[in-house]
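Encoded as structure tokens, the structure appears first; notes follow it.
The values are calculated or read from the model by the stated rules, or taken from the named source; none is laboratory data. Since the model is a prediction, treat every value here as computed from it, not as a measurement. Every residue, glycine among them, receives a Cβ derived from its backbone with ideal geometry; neighbour counts consider all protein chains shown. Ligands, DNA and RNA are stripped out before the accessible areas are found, and what is left, the full protein with its side chains, is counted by its heavy atoms. Shrake-Rupley method; radii C 1.70, N 1.55, O 1.52, S 1.80 Å.
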Amino acid sequence: MGEIEGSYRVLQTPGTRLGAQFNAGISTLEPGQSLSGNMVSGSKSHGRGLQIRVQGLDDSQEFFDIDPKALGQALLSEVFHRGNLIESDYFGLEFQNMQMNWVWLEPTKPVVRQVRRPPNTLFRLSVKFFPPDPGQLQEEYTRYLFSLQMKRDLMESRLICTENTGALLASHLVQSEIGDYDDVADRDYLRVNKLLPYQDKVQERIMELHCRHLGQTPAESDFQILEIARKLEMYGVRFHPAADREGTKINLAVAHMGLQVFQGTTKINTFNWSKIRKLSFKRKRFLIKLHPEVHVCISDHLLCNFVLRDQCKIFWKICVEYHSFFRLFDQPLPKSKAILFTRGSSFRYSGRTQKQLVEYVRENGAKRTPYQRCVFPSIVYTVFIGKTDSVVDSPQLSPFNTKGPLCLSPSFQMSTLSLPGQAPSPLQSPILSEVGSNARLEEEEEGRRKRYPTDKAYFIAKEILTTERTYLKDLEVITVWFRSAVIKENAMPEGLMTLLFSNIDPIYEFHRGFLKELDQRLALWEGRSNAHVKGDYQRIGDVMLRNMCALKEFTSYLQKHDEVLTELEKATKRLKKLETVYKEFELQKVCYLPLNTFLLKPIQRLMHYKLILERLCKHYSPAHRDHDDCKEALKEVAEIATQLQSSLIRLENFQKLTELQRDLIGIENLTAPGREFIREGCLYKLTKKGLQQRMFFLFSDMLLYTSKGVTATNQFKVHGQLPLHGMIVEESENEWSVPHCFTIYSAQRTIVVAASSKVEMGKWIEDLNLAIDMAKKSQEKSSIFLDAGLSDRSNRSSDEVSLEQESEDDMNSSRTSLDKQTHHRANTTMHVCWHRNTSVSMSDHSLAVENQLSGYLLRKFKNSNGWQKLWVVFTNFCLFFYKTHQDDFPLASLPLLGYTVSTPEESDSIHKEYVFKLQFKSHVYFFRAESEYTFERYEHIVLFIIYPVTPRALSHPSQGG
């Protein structure tokens, strides 16, 4: 019994407690609050104190005086308090032990018992717990410190990556510390500061990448650093050398998801916490016990050997802490003391869990005090912090030397979205700091408005630039992300790979150059460039004409996209492996729309150019120097668009049919030749149980009605198929005493349905009658009838009203292999129509595609005081929110179907220009545009795309509240 030196059971239910009540957390105290009990006794000075040297993440050093008997918690609390570090539980102090291994300072043990010579030991403030998503870090200051940790890891060769990725990270670090690109300043900075071990080799690449970050704030740079770093395999990895049973050298590491095993720097295995039953160590042997059902092909006991017992115990402790921090709801409780003898280690993690930390920061958000990071071209930051008189001259802001509050610039917060009725709010995120942040944001916006041009042509040109940025990111979903997924799994035949990427890669490369040209022109127009040349550069027509002419060369590539989409769909049906990769990829955040919609983007983009150039030509007078170039550019793109118009209509229809094929259960061969999608939406169908909600889908040859699935896949189940041949539709409100009611008579049955409004009923009846007329004129009669499972319902006369015993329970009798999936896209148009009780036609889809928009907006919630600056993309009836335009995937989305739009009312107390209000039931959001032109663009989009729209048009922004 005494041989077991330490063990830890990995509990499967978060929040399960261990042992008896005891609280000795690392940072459960608010800044300035004293420790109680034994913890306080060590913080009072009795006689001669210890002077401890602590190095910050920016390499500055600070001295702390503590009592010789002080516990590690006393030093930790003092460091966190002096640095005003709110999210302190992510951090710790590390030092080198006698074996020169870096170990963490334990809070519940005296410092002198952990360190042989504390005054001679250097303690380093470091990130201890690396969350999988930097968006979970709620404080801008915390993200700044994390970016400094990434900087340290790069230099120490811990964050291993390709040279190109290293250069990209370094470029964001340069942007964060010295601001926008300047050749001389960049070279001076890189000469003085070492960011990469191989910096000389990639210096020119760093400067080239830095040039692309124009206008990016330090906070945005920090976020980009963390976004890039978290995708790397070595993010947050700390190697612990060991050997397996056979003596093969391996490296063990622990992360938020579990244990990782490396050979060299190659990861060979990962054991998730859910797979692990118990972790224990005995002397130099580390034992991982797995659940028997997890790996039936291998032993449920995995043994690793360390060189020293201390190394084994150190790694075991780190595992215990990582599991507790990321997996438990409440902080674990220590083992109760045995009366006669002890068995195993009593070590337990003593701080807050990540869940507790997030809740604490949210609840105490109003108490946050802002900090200001100053950036000067001289690369010397002079920081006056709080009440202290000390001055720090350092290339980075020191987290020490702080006796008072730090100053925080406006930070972005992550939003979490859902549909109404599924969560408290579709956009739930912490507001900005109310201490100075809102005023500073207003000052920045006013300064920007005074500095930038106000001509409408400039904002039209800027729309071309902003939408081009989004378009290029959309292309990367295919050229970068999807390519990587299919190559990794070797899931796509070589012929299809060649067909797909040989058509889209040249288009992607062309638009990369086009975007760069647009960016440079707008920089000249705004006066952001060192050229300081205006006049001739305050135009966009020459750039558009040159590139629209060049686009003609890609017409043959665009014409093949019909074949690409068709062949991809065929291969997906034929190859199970490709189908799996396809479906899994659609669940990734980067694939924020159905995958095949991204293949339509190149042709749709031509329509965007055409519409934008039409607005530009309409704005210019014939005598304007930019008019002729814009008119010629419009002529060129209109010619290409005309050639591809019929192809686009066919592609959009095919894409919609394939999307519905995946989302509907109980219908086969939905993509039959000649079938066209017309309308989808929610209607109430009269059954024996009364009116029940159903989703209806109208095609050129049939009408489907479905119920929402209760399966894990969140799909819709087909209840009936009605051929359009011989169908009759009549209004019947008076007959059934149901508002907005109409009756559908078909050859198989008669059904009674009700719409949510008179307008909705009118849309359905109009489209049904048009589709019936089309079916009559067609020489081909529909051969699709009810499935065998529905045949018992089809033996009714045509004049009999169908009142079936339908309910959601019917789903239980029609399970398919798809039900085994655990996820499914729930933000599709059909799901939004279901929740918002509305409908959308194919013409609405086409109109929405034509009116895509991108750019920065200020967003405000109904009951908040702060405005939040976000990069917003409007497409597919939805607003997608990003922190910056460089983000790979949206943080949140807001489907706009069913919302109303108006200008703020007097009671809203919004006294700003260019503000529009979006509302659905109790959900209210305000958005502020940068100019009257941008405001009018959103007015146009919302009024003509969103259903139902407000009956009145938006008033002029200057007349609004």
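Between the residues 175, 218, 150, the greatest Cα displacement towards the positive end of the dipole of region 134-230, with unit charges on the Cβ of Lys, Arg, Asp and Glu, is found for 150.
Rounded to the nearest 20, the Cβ-based charge dipole of region 677-781 about its Cα centre (Lys and Arg +1, Asp and Glu -1) stands at 460 debye. Per-residue SASA remark: residue 102, around 80 Å² accessible (1.4 Å probe; ligands, DNA and RNA not included). Taking the accessible area of region 462-659, probe 1.4 Å, and keeping the other protein chains in place, the carbon and sulfur fraction comes to 52%.
With point charges of +1 on the Cβ of Lys and Arg and -1 on the Cβ of Asp and Glu, referenced to the Cα centre of region 677-781, which listed residue (745, 755, 719) lies farthest in the positive direction of the dipole? Value computed over the given set: 719. Given +1 at the Cβ of Lys and Arg, -1 at the Cβ of Asp and Glu and no other charges, the dipole of region 852-946 around its Cα centre is 300 debye to the nearest 20.
So what's the net charge close to residue 262: Lys and Arg +1, Asp and Glu -1, counting the other residues with Cβ under 12 Å from its Cβ? Residues near residue 262 contribute +1 overall. If you take all other residues with their beta carbon under 13 Å from the beta carbon of residue 921, and give Lys and Arg +1 and Asp and Glu -1, the sum is +2. Loop-resident trypsin sites (Lys or Arg not before Pro) (DSSP state other than H, G, I, E or B) in region 233-322 with no more than 16 further Cβ atoms inside 10 Å of their Cβ: 245, 283. Sorted largest first by accessible area at a 1.4 angstrom probe radius, with every protein chain in place, the residues 225, 268 fall in the order 268, 225. Normalising the average separation of contacting C-alpha pairs (under 8 angstrom, six or more residues apart) by the number of residues puts the relative contact order of region 50-127 at 40 percent. Could you tell me the relative contact order of region 677-781? Use alpha-carbon pairs under 8 Å, at least six residues apart, and round to a whole percent. Answer for region 677-781 is 24 percent.
With a cut-off of 9 Å between beta carbons, the residues surrounding residue 129 carry a summed charge of -1, where Lys and Arg count +1 and Asp and Glu -1. Which pairs break 26 Å Cα to Cα here: 289/317; 610/862; 583/717; 278/589; 267/488? Beyond 26 Å between Cα atoms: 610/862; 278/589. Overall, region 125-227 carries a charge dipole of about 420 debye about its Cα centre when +1 sits on the Cβ of Lys and Arg and -1 on the Cβ of Asp and Glu, all other atoms neutral. Output the antiparallel fraction of DSSP beta bridges having both residues in region 50-127, as a percent to the nearest 5. Roughly 80 percent of the beta bridges in region 50-127 run antiparallel, per DSSP.
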